[in-house]
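Taking it in order: structure first as structure tokens, then the write-up.
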Amino acid sequence: MTRAAFTCTARSGAARAGELTVRGRTLQTPAFLPVGTYGAVKGLHPGTIRDHGAGMILANACHLHDRPGADVVASLGGLHAFMGWDGLILTDSGGFQVFSMMDIASLDEDGVTFRSPINGRPLRLGPDEVVDVQLALDSDIAMVFDHCPALPAPRR
């Protein structure tokens, strides 16, 4: 398991600024994370993204699992090679996709099954599948079980 380190470099009240280091890559915080859903920030070259100060990109594991497939990304050397990105990569697990597609999803004790919006094939997301996909993608930070509660929701 990869360890992450956070060093606080400044405080203002409860706010902190610092450096997050994962796998030898360091990100200044607070940080803006451009979204590269399918492993690319639309219309921008990775060098341009870096030149404008971004140190991490958020990619969507659920979408990448659907297309081109986590196995394809892994065979190409993982997300860093696939994206041509030398900064940090955070992947999420697809919690928002599950939330937004509940009308076409089947939820059970072990996960959720829904149809791909790309080709209609069934996709299964449970704890094992989500972890396996993110390990295959080889992201630096895996948000493994993000959850989007429906609104209105109690504060608790």
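Of the labelled figures [x] 46, 43, 32; [y] 61, 34, 27; [z] 51, 48, 30, only one reflects Cα extents along the principal axes in Å as derived from the coordinates, namely [x].
Given a 1.4 Å probe and every protein chain left where it sits, what share in percent of the accessible area of the chain is carbon and sulfur? Carbon plus sulfur share of accessible area: 57 percent. Within the chain, antiparallel bridges make up roughly 70 percent of the DSSP beta bridges whose residues both belong there. Kirkwood radius and radius of gyration were both taken over the C-alpha atoms of segment 1-68, and their ratio Rg/Rh is 1.05. Of all the options H52, H65, H80, the one that moves most in a Gaussian network model of the chain with Cα springs shorter than 10 angstrom is H52. Taking the average, over residues, of other Cβ atoms within 10 Å as the packing measure, peptides 56-63, 70-77 rank 56-63, 70-77 from highest down.
Result for the chain in a Gaussian network model with C-alpha springs under 10 Å: among R23, R11, R124, the largest mean-square fluctuation is at R11. Multiplying the residue separation of T7 and H147 by 0.36 nm and removing their Cα-Cα distance gives an extension gain of 47.6 nm.
For the residues L79, L20, L64, a GNM of the chain with alpha-carbon springs under 10 Å puts the largest fluctuation on L20. Average accessible surface for the chain: 61 Å² per residue, computed with a 1.4 Å probe over protein heavy atoms with every protein chain in place.
The values are calculated or read from the model by the stated rules, or taken from the named source; none is laboratory data. Source: prediction; values computed, not measured. FYI the Cβ positions are ideal-geometry reconstructions off the backbone, even for glycines, and counts take in every protein chain you see. Surface accessibility is based on the protein's heavy atoms, side chains included, excluding ligands, DNA and RNA. Shrake-Rupley method; radii C 1.70, N 1.55, O 1.52, S 1.80 Å.
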